[in-house]
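One structure below.
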Amino acid sequence: MLQLSQASLTFNEGTMDEKKALQHVNLNLNQGDFLTVIGSNGAGKSTLMNIISGSLLPDTGDVLIDNNQVTHLQEYQRSQLIGRVFQDPMAGTAPSMTIEENLAMAWSRNKKRSLKPGVSKRRKSLFKEHLETLNLGLEDRLTAKVGLLSGGERQALSLLMATFTEPKILLLDEHTAALDPSRAELITNITAEVVKKFKLTTLMVTHNMQQALDLGNRLIMMDKGQIILDVDGDEKQSLTIEKLLNEFQKIRGEKMANDKAVLS
Amino acid sequence: MFVSMFGAVESGIIYALMALGVYLSFRVLDFPDLTVDGSFVTGAAVAAVMIINGQSPLIATVVAVIAGFLAGCVTGLLHTKGKINPLLSGILMMIALYSINLRIMGQSNVPLLNETTIFTSITSFWENLNLSAPFNNIIAALGISGTPKTWGILFFSLIITLIIKFLTDYFLKTEVGLALRATGDNKKMIRSFSANTDILIIAGLGLSNAFVALSGALIAQHGGFADAGMGIGMIIIGLASVIIGEALFGTKSIARTTLAVIGGAIIYRIVVSLALRVDFLETGDMKLITAVIVVAALVTPKILEAQREKRRRLRKRREITQMADTKKGEKGNAAT
């Protein structure tokens, strides 16, 4: 479903600040795979995400979605195929527009936008049905401005908007990191539910090791722009945080630098 | 007095089209587009030149609108493809248009005094049907002295402006319209939902300046001339209309806001014509008056809001002290 071959990207090449954000990364996701990505700050997780979404172009290497070359498609063209939820709850919705209008925009993702009304009666009831699955009571607030929602509610809405058109790929970029623990848990649960419901091929970046272990059928660990660990199947199910840390030490010969990753 | 107020309302309705254009760029797209000063004259110039060359005023106006649309698109291109800061793209286009407008007109002023314009046609049509009489009778019955030359221009302009308003309201709720609004609200978000924000900005600015040029074309035909300098400060007038309208009539929904913008444009004209009746003010003081009106419209709501907050807090504090007092009193009673 998603293929990355030999993807490399270097920032500020030839200067003091040169940073190899991604080095010859190969990645192959099958239909329905749920991959979690962990790694310390600067490991290249976000770069990986941005190269898939098209916000960044790789120096070399290719991105294929469903066996189609998308490396040179612009972000807005690729986003027909890719659903995305950002870390910042403000980033995924338009605050001065209503819930139903936001949903209508998301609904147009894989269609050509026309001069017909965005929110029709039929769509309204469809949106209501989808909102009910979130159990947040948002279905009764269709005409409320999204700017009035709390961070958790917004992130749940973003998640729904990113998924209900069943994109080929779902990218989750630390989408629970900015929420308090109880809200984060709620969003984590909703994530597991929608991914299962729509059978989405998903890639989730997280700082939270426990979350990375709980969710998904495959896990990769990144460091210095490379994938240093790749586990799936039963091996993934039996992983623990301790095992992960030991693994990291074994591979890199040093302790994991990021306290935040250990503690969370 | 009545006749001058009537004139203010009449031209206010035509300027409202320009204000709607400014609303589209400033509010909807969140793009401070200064092209307006130039594209307003472009509309006037194209219409005037075509009319004195014998074209029908209707075709002249339509071509003027297209010219305005193109001017806006160029500003959009400068910003999106040339990566030039929004303010600067607008200023560059405004300066460029000044020369282009002179080229279009061939001189700095094109009079339309004895030409057939949209408004002369409307006026003769209206007066042939003798439609002004009932309105004049109402005015006379109300005991107001003075009768305007014709009511035709007022009603015709009102119809045009309302049509544009309703089309705008509808458009902003379509799928494309929603994407356009989201472009002004959260670009990153709408790009992740497969909208091409560059095209939306270019088309949005085109539409905005098309409205502005329509207003310019009509003002030229209303006033009987096009002038290279008639656009100076137009952006501030547009902004004043938007701000006054929003402050007075609210922004609850899109339909409400566009109506507020039209109201703001009319009120602005009325305020200016009242100000010009003050003895020591001259026509040259117009721009200063405009600046003062805009500052007042921007600052007054904030001051009022601050005062309201202050009063609210004071009331809360008083309630709490009162509650504490009564509690103390109860305790005192219990002890005795």
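The values are calculated or read from the model by the stated rules, or taken from the named source; none is laboratory data. Since the structure is predicted, the reported quantities are computational estimates derived from the model, not experimental observations. Note that we place each Cβ from the backbone using ideal geometry, even for glycine, and neighbour counts take in every protein chain shown.
Quick rundown of the values:
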{"read-out": "Single residue of the stretch A:231-240 satisfying the filter (surrounded by 15 or more Cβ atoms within 10 Å (Cβ to Cβ) and over 22 Å from A:Ile190 (Cα atoms)) that is modelled with the highest pLDDT", "value": "A:Val231"}
{"read-out": "The stretch A:46-80: number of residues that are facing chain B (nearest Cβ under 9 Å), in a loop (DSSP other than H, G, I, E, B) and surrounded by fewer than 20 Cβ atoms within 10 Å (Cβ to Cβ)", "value": "3"}
{"read-out": "Condition broken by A:Leu134, with the remaining ones in (1) more than 8 Å from chain B (Cβ to nearest Cβ); (2) outside any helix (DSSP H, G or I); (3) in contact with a Ser or Thr (Cβ under 8 Å, 6 or more places away or on another chain) satisfied", "value": "(3)"}
{"read-out": "Check on A:Met221, out of contact with any Ser or Thr (no Cβ under 9 Å at 6 or more places or on another chain), surrounded by 21 or more Cβ atoms within 10 Å (Cβ to Cβ) and touching a residue at least 12 places away in the same chain (Cβ under 8 Å)", "value": "yes"}
{"read-out": "Residue in the stretch A:200-207 that is closer than 23 Å to A:Arg123 by Cβ and either of a type outside the set (Phe, Trp, Tyr) or without any contact (Cβ under 8 Å) to a residue 12 or more places away in the chain (or both) present", "value": "yes"}
{"read-out": "Failed item, numbered, when A:Ser125 is tested on (1) touching a helix residue (DSSP H, G or I) at 6+ places or on another chain (Cβ under 7 Å); (2) assigned to a helix (DSSP H, G or I); (3) more than 10 Å from chain B (Cβ to nearest Cβ)", "value": "(1)"}
{"read-out": "Exclusive hit being farther than 30 Å from B:Leu207 by Cβ and in contact with a helix residue (DSSP H, G or I) (Cβ under 7 Å, 6 or more places away or on another chain), set B:Ile153, B:Ile104, B:Ile144", "value": "B:Ile144"}
{"read-out": "Strands (runs of 3 or more DSSP E) contained in the stretch A:142-230 and holding at least 3 residues within 13 Å of the chain's Cα centre (by Cα) and modelled with pLDDT of 90 or more", "value": "A:169-173, A:201-205"}
{"read-out": "Qualifying residue in the stretch B:38-57 (condition: without any contact (Cβ under 8 Å) to a residue 40 or more places away in the chain and not polar (S, T, N, Q))", "value": "yes"}
{"read-out": "Enumeration of residues in the stretch B:131-176 that are surrounded by 15 or more Cβ atoms within 10 Å (Cβ to Cβ), within 14 Å of chain A (Cβ to nearest Cβ) and not in a loop (DSSP other than H, G, I, E, B)", "value": "B:Thr168, B:Asp169, B:Phe171, B:Thr174, B:Glu175, B:Val176"}
{"read-out": "Residue tally, condition farther than 19 Å from A:Leu142 by Cα and either at the interface with chain B (Cβ under 10 Å from one of its Cβ atoms) or of a type in the set (A, V, I, L, M) (or both), over the stretch A:83-115", "value": "13"}
{"read-out": "Selection count, the stretch B:62-91, where residues are in a helix (DSSP H, G or I) and more than 22 Å from the chain's Cα centre (by Cα)", "value": "4"}
